[in-house]
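The values are calculated or read from the model by the stated rules, or taken from the named source; none is laboratory data. Only a predicted model underlies this, so the values are computations on that prediction, with no experimental measurement involved. Reconstructed Cβ throughout: ideal geometry from the backbone, glycine too, with neighbour counts over all protein chains shown.
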Amino acid sequence: MRIPDKYFIKSVLLSVLTAMLATSCATEATSRFYGKTEAPKDNVLRYISGSEPESLDPPVATGQPEARIMMALYDGLVEYDPKTMDPIPGIAESWEIGQGGTEYIFHLRHAQFSNGDPIKAGDFVFSYRRAVSPELAALNGYLGYYIKYAEPYNSGFVFVKDANGRFLLKSDFEEAAADRAKPAPDSDGGTEFHKFLDSPERLTVPSTEKERADLDPKIKAAIQGKEFVPVKAEDIGVEAVDDYTFRIKLRQPAPYFIGLLGHQLFRVVHQGTVEKYGKAWTRPENIVTSGAFLLKEHRPYDRIVTVKNPKYWDADMVRLDGIEFYPLDEATTMMNLYKAGSVDAMYNHTTPAAWNEVIKQFKDEYLNAPEVAIEYYTVNVKKPPMNNLKVRQAFALAIDREAMAKYRKTTKPLVDFTPEGIFPKYEEARTKVYTEELKKKGSTLEQWKAREFDPVQARKLLMEAGFPVQQNGNTFSCPTFPVNQVDLTYNTAESNKAVAEFVQAQWKQNLGITIPLKNMEWKTFLSYRKKLEYNGMARAGWVGDYMDPFTFLNLFYSETNDSSTGWWDPKYDKMLDAANNELDATKRFEMLARAEFMVMQEQPVIPLQTQATNWIKKPFVKGMYPNPGTLHAWKFVYIERDPAKWDQNVENIMAERDPWVYQNIDRITATQKALVEQHKTVAE
């Protein structure tokens, strides 16, 4: 009798636990492989992807678990290199960058959706407009704000037109020319829309009188009695030049923009299906996809089954017949399923710290590489007592991050907001800038680094904030601190609970304050944190959306930022804007570092650790690397049936070029280079 699907994982786990009664982790250390290691006969990869996805709609989904699934179902203009996550051609065969880094022209290949409809430039126009639409209200929508007029459209803003029909310009109200982006020259040709996008940026303001009350007095006076024209989807900087030429116009240069386009927010969706079925369009019976795989079934909290898409533009090189994604986040269960051979690989941060010493002995399977990711706690700066800077600083100083790193075994202490060991050139610039800034304040870099742990200073700051800490021998107490107003909330996962309990103990030991812990399911937690409904602090992890420090610093950009803290400073925005207008890479990094220094002085977050990938896969799974984001371009993943060709000593796989994977990547990139030269010749 077939077991009902909703009991699939539980039934497998039961058999696994029964089989494991006779073995233990210690005895496995004498074997070459951790558990049953046989290549599956059906050519289907079984992968644990993380928590149950909040959605299968690309712009709606925000987390890493969803991103992994989106990369199977949808394609974008670019794809990630499986090792480095650098952008490689996807549906865009090639592209050119012009107008001082504010214009991107993409030349599309003749690709199809899974229903056979051609994918054209108009489909990208629809997808991008939808991704930043106020109706969809996608939490990731801010990633599209680099596109001209995308942010005011998403925010429901309006243009301002005078009696002569002239639109007021943003440059009319800038404080100084040095503070603003240099406008691109007016276009000499093209459509009226093309000329509109290339013209100087218009002023946009909130649509309601109440929201406009906080505007700069100069702007308030200038817009009085003027006509307000809503910013529409048709105004944002995306254009179908023709069926296979797609143009993006940015509001200012963004040196990292191509690398960002691999994100799920920018993956193309089928307009007819979205409009026909509404929110139900992602159901297996309705969905039309653009990626290497099709959605066959979705059993919430059990599995997501995909099969190879025969209409995919590069289907001939996709070797897997399908992928089964299992939404799990309980570490022991995952490890047991893996050991039994029921799954072939799992996502990052899945090897429990207590098992690490055993698992890392399996050098053909265990992967633990640097990750473009951090773990931190957000602080709700809008609610007391955390609206007091000294209180925020005290809680940050009272955590022994070195002890935490030893406890976690795979992480590195972190006191700033960009990860350590990922952006070496930026870290050099940051050291220089921090040294200069601290010298102005009569301090040193060594004193700044002491922020990693300083319980004495933490208690002093609490006292200055009005919450004196009392000492009784080796123990502390803070009876006046309003514990009933502060929680530490985290999304349900074994590792998150372990960190929260560690930090809770640190605060009890060093401040004499026991902060209550509160856990929530992932889908509920995201909205709860974003809306600042939490009290005190909340757990957060951030994986870079692209390989540049700006992907972290951007979380604090704009009043509607995605920091989930309530903190914003327009001076910070100007610092980031100026940095991204700087063409010299070293100077740009120094300018970004000054912005990071500013935000960390305000302590709206409590950084904890730089993450490592820390996961495990079977040696017969090839083309799957411990890249900085643990995001896998599934089209390059395959199952190797010849044991002689299985991965050996995974520390070497990042240095080696898998012949099959990289001959295909070389083919794609060679075509791109040839087409770039061809377009240059035509232009000349």
request  = Filter the stretch 440-459 down to residues that are under 19 Å from Val503 (Cα atoms) and either touching a His at 6+ places or on another chain (Cβ under 7 Å) or outside any loop (DSSP other than H, G, I, E, B) (or both) and give me whichever is modelled with the lowest pLDDT.
outcome  = Ala450
So Thr351, is it part of a helix (DSSP H, G or I), hydroxyl-bearing (Ser, Thr, Tyr), assigned by TED's automatic domain parsing to the domain that holds Glu640 and at pLDDT below 95 = no
query = Quick one: is Glu365 within 30 Å of Lys460 (Cα to Cα), in contact (Cβ under 8 Å) with a residue 12 or more places away in the chain and of a type outside the set (S, T, N, Q)?
reply = no
inquiry  = I need the full set of residues from the stretch 628-663 which are in a helix (DSSP H, G or I), under 27 Å from the mean Cα position of the chain (by Cα) and modelled with pLDDT of 90 or more, in order please.
reply    = Trp634, Lys635, Phe636, Val661, Tyr662
task = Please go through the stretch 200-256 and pick out each residue that is of a type in the set (Phe, Trp, Tyr) and modelled with pLDDT of 95 or more.
result = Phe228, Tyr244, Phe246
ask   = Hey, any hits in the stretch 222-239 for a residue that's under 15 Å from Tyr104 (Cα atoms), in a strand (DSSP E or B) and not assigned by TED's automatic domain parsing to the domain that holds His632?
value = yes
task = Would you check if there is a residue in the stretch 416-424 being within 19 Å of the chain's Cα centre (by Cα), of a type outside the set (Ser, Thr, Tyr) and at positive phi?
result = yes
message = Given the criterion modelled with pLDDT under 95 and not polar (S, T, N, Q), identify the matching residue among Gly101, Gly90.
response = Gly101
request  = Evaluate the stretch 130-143: report whether one residue or more is more than 29 Å from Val268 (Cα to Cα) and charged (D, E, K, R).
outcome  = no
key: Some residue of the stretch 338-350 being free of Cβ contacts under 8 Å to residues at least 40 places away in the same chain and more than 24 Å from the chain's Cα centre (by Cα)   = no
note = Flagged in the stretch 369-398 as within 26 Å of the chain's Cα centre (by Cα) and farther than 20 Å from Ser564 by Cβ, in numbering order, are Ala369, Pro370, Glu371
request  = Return yes or no: is Arg401 more than 30 Å from Arg588 (Cβ to Cβ) and under 25 Å from the mean Cα position of the chain (by Cα)?
outcome  = no
task = Could you please let me know if Lys276 is surrounded by fewer than 18 Cβ atoms within 10 Å (Cβ to Cβ), part of a helix (DSSP H, G or I) and not assigned by TED's automatic domain parsing to the domain that holds Arg202?
result = yes
message = Cβ-Cβ under 8 Å, sequence separation 6+ or interchain: first residue in the stretch 574-596 and of a type in the set (Ser, Thr, Tyr), partner assigned to a helix (DSSP H, G or I) and crowded, with 20+ Cβ neighbours inside 10 Å. Which pairs?
response = Thr586/Ala429
inquiry  = What's the total number of residues in the stretch 459-492 that are in contact (Cβ under 8 Å) with a residue 60 or more places away in the chain and closer than 22 Å to Thr378 by Cβ?
reply    = 11
Leading residue by the ranking (modelled with the lowest pLDDT) among those in the stretch 546-561 that are of a type outside the set (Ser, Thr, Tyr) and in contact with a strand residue (DSSP E or B) (Cβ under 9 Å, 6 or more places away or on another chain) = Met547
ask   = Taking interchain pairs and intrachain pairs at least six residues apart, which have beta carbon atoms under 7 angstrom, with the first residue in the stretch 216-243 and under 16 Å from Leu203 (Cα atoms) and the second outside any loop (DSSP other than H, G, I, E, B) and charged (D, E, K, R)?
value = Lys220/Arg212; Lys226/Lys161; Glu227/Lys161; Val229/Lys161; Ile236/Arg129; Gly237/Lys249
query = Restricting attention to the stretch 119-143, which residues are of a type outside the set (D, E, K, R) and either in the same structural domain as Ser564 (by TED's automatic domain parsing) or over 24 Å from Thr245 (Cα atoms) (or both)?
reply = Pro134, Leu136, Ala137, Ala138, Leu139, Asn140, Tyr142
inquiry  = Please count how many residues of the stretch 354-375 are surrounded by fewer than 20 Cβ atoms within 10 Å (Cβ to Cβ) and assigned to a strand (DSSP E or B).
reply    = 1
inquiry  = Here is a list: Glu602, Glu596, Glu677. Which entry is over 25 Å from Tyr338 (Cβ atoms), of a type in the set (Asp, Glu) and surrounded by 20 or more Cβ atoms within 10 Å (Cβ to Cβ)?
reply    = Glu596
key: Residue within the stretch 364-378 that is at pLDDT 95 or above, touching a strand residue (DSSP E or B) at 6+ places or on another chain (Cβ under 7 Å) and over 26 Å from Gly629 (Cβ atoms) present   = no
